[in-house]
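Encoded as C-alpha cells, the structure appears first; notes follow it.
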Amino acid sequence: MNINTNYLKLNNNYLFSVIEQKINAHKAANPERTIISLGVGDVTLPLAPVVTEALHRAVTEMESSATFRGYGNEQGYLFLREAVCGYYSKKGVELHPDEIFINDGAGSDLGNILDIFFDKNTALIPTPVYPAYVDINTMAGNDIAYMDGNIKNNFLPMPDKNLHADIIYLCSPNNPTGAVYTKKQLKTWVEYALENDAVIIFDSAYESFVQDNELPTSIYQIDRAKECVIEICSLSKTAGFTGTRCGYTVVPQELIRGGESLNKLWLRNRATKTNGISYIIQRGAEAVFTEEGLKQVQENIKYYLNNAKHITETLKKLNIWHTGGENAPYVWFKCPMPSWDFFDYLLEKTDIIGIPGAGFGENGNGFFRLSAFGKSEDVRIAMERIARCKI
Ligand code: PLP
C-alpha cells in the first residue's frame, strides 16, 4: 500500500502547539504571574440570545416524533440556504439556494474543496496568511507559489502577470494582518483569474467585521466574479460559532472549468462525503441572519473592534508601525526583532501572549499579531503593561 507521502513534507511545528509549550514553560517558571492571552483567534463572548433561543426550540422539536428530524440534505436545509441568499441580497449579490453549501465552518471546506481539483495544480498563496492554505495544498501535492505581502503593498499582494496560477487564495479581511482588498483590487484579481482560467478561493471568514461601506464584504460584489470564484465563509467569528460549528460555501452555477460545472462536482462530493450539519445547529445559524440576529452579532463585533481600537491607540502612542483592527479583529505590528524572539521577550516582560508573524509565512517575520477577541478588561490591562514596558 502507498501512504500519502505529501504529509511528510508538512512542517511538524504546528504554530499553536509550539506556543502552548512556551506558555507552559513560562507558567512553570513563574507560577505567581498572570498571563493575558491576546493570541489565539477564538471568540470570548457567548452566542447571541436570538441564536440560543432558536437552538432551544430546535432541541424541543427533536423531542416529539411529529417534529423530529433524521438525515437532512447534504447541501444544508433549504431554510438556511435561503437565509444565506437573503444575507447576500442585502450586499447586492443575487445567489440561488442551489449555489450555497452549508458547512461545519470554513476550515473543513477550505481543505475538502481541493478534492474537485486534480493534483499538480499551482496554488498561489499570500504570505503572510492563515497557515492552513499551505498545509492543505502540501497534503494535496500541489505546487505552491507565494505572493508577497509587505508594508509597501499594505499586505495586499496583487497579481503578477508573468506568473501563472490555477488556484488562488485570497483572504479578505486578512488573517493575520487585518488588511482588506478594495473593490478595484478585487476587480484586478478577477480579471487575472479569468485570463489564467484559474479559480479563486475567497476566504471571507471575517467579512462581518468590515465597517467601511466602501470596502467589499463579498468578492461577488465584483463583476464576473461568479465565473471564477468559490467563496468560503463561516459563522465562527461572525456569530461566535467557533464551538458550535457552521458556515457556508458558495459555488456559483456560472463557474465552469474543463467544460464541467464545479457546482455539480462539489454537490457530488458532498453527497458522498458528508451527511450534512445537525438540524439543531442549522436552526441556530438561521437565527443569525434574521434582522434581530444580525443586530445582536454586530453588537459583539463592535465590542471586539473596540478592543482592537484600544490596542491600535496604544501602539500609536508608542510610535510602533501597525495596521489592521479597523475592519478586522486583528492588529498587526512591526516588532523590533525576529518575531519568535519578540514572543519570548513580550511574554517575559509583560506576561502577554500574541502570535509571532513568522507563524503565518516568511513575510510575517519581524511582525506580530494581537487578537481583539479577548475580554475588554484583559485588553485594558494588557495595554497598560505594554505601555509601561515601552516595547
Ligand atoms: N479562515 C480563516 C482566515 C481563519 O482565520 C479561520 C480560523 O481562524 C478559518 C478560516 C477557520 O475557521 P472555522 O473553521 O472555525 O470556520
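Bear in mind these aren't lab numbers, they're just calculated from the coordinates by the rules spelled out. Being a predicted model, the structure only gives us computed values, none of them experimental. When we count neighbours, we look across all protein chains shown, and the Cβ atoms used for this are built from the backbone with ideal geometry, even at glycine.
The figures follow:
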read-out	value
The chain - mean residue ellipticity at 222 nm from DSSP helices (-39,500 (n - 2.57) per run, n ≥ 4, rounded to 500)	-12000 deg cm²/dmol
P(r) histogram, all alpha-carbon pairs of segment 1-94 included - 10 Å bins from 0, percent	10, 18, 20, 24, 24, 4
Computed P(r) (all Cα pairs; segment 192-319; 10 Å bins; percent)	11, 31, 32, 20, 6, 1
Segment 375-387 - phi-based ³J(HN,Hα) in whole Hz, Karplus 6.51/-1.76/1.60, Gly and Pro as x	6, 5, 5, 5, 4, 4, 5, 4, 5, 4, 5, 5, 5
Sites Glu292 and Ala132, calculated FRET efficiency, Cβ-Cβ separation with R0 51 Å, nearest 0.05	0.95
From phi via Karplus (6.51, -1.76, 1.60), per-residue ³J(HN,Hα) for segment 229-243 in Hz, x at Gly/Pro	10, 10, 9, 10, 9, 8, 8, 3, 8, 4, 9, x, 8, 4, x
Segment 143-157 versus segment 326-391: alpha-carbon centroid distance in Å	21
Distance (nanometres) between label positions extended 7 Å along Cα→Cβ at Lys302 and Gln211	1.0
Length gained when the stretch Asn4-Ser376 is fully extended (0.36 nm per residue, less Cα-Cα span)	129.4 nm
Cubic angstrom per residue, convex hull over Cα atoms of segment 345-391	72
Simple spin-label estimate for Asn11 and Ala28 in nanometres, 7 Å along Cα-Cβ	2.5
Mean projected area in nm² (Cα convex hull; one quarter of hull surface) for the chain	21.2
Protection proxy ranking, peptides 298-305, 4-11, average beta carbon neighbours within 10 Å, highest first	298-305, 4-11
Part-to-part distance (alpha-carbon centres) for segment 254-325 and segment 186-201, which is given in Å	22
Full-extension gain in nm, Arg57 to Asn275, via 0.36 nm per residue minus C-alpha separation	76.3 nm
Orientation-averaged projected area, Cα convex hull of segment 72-229 (nm²)	9.4
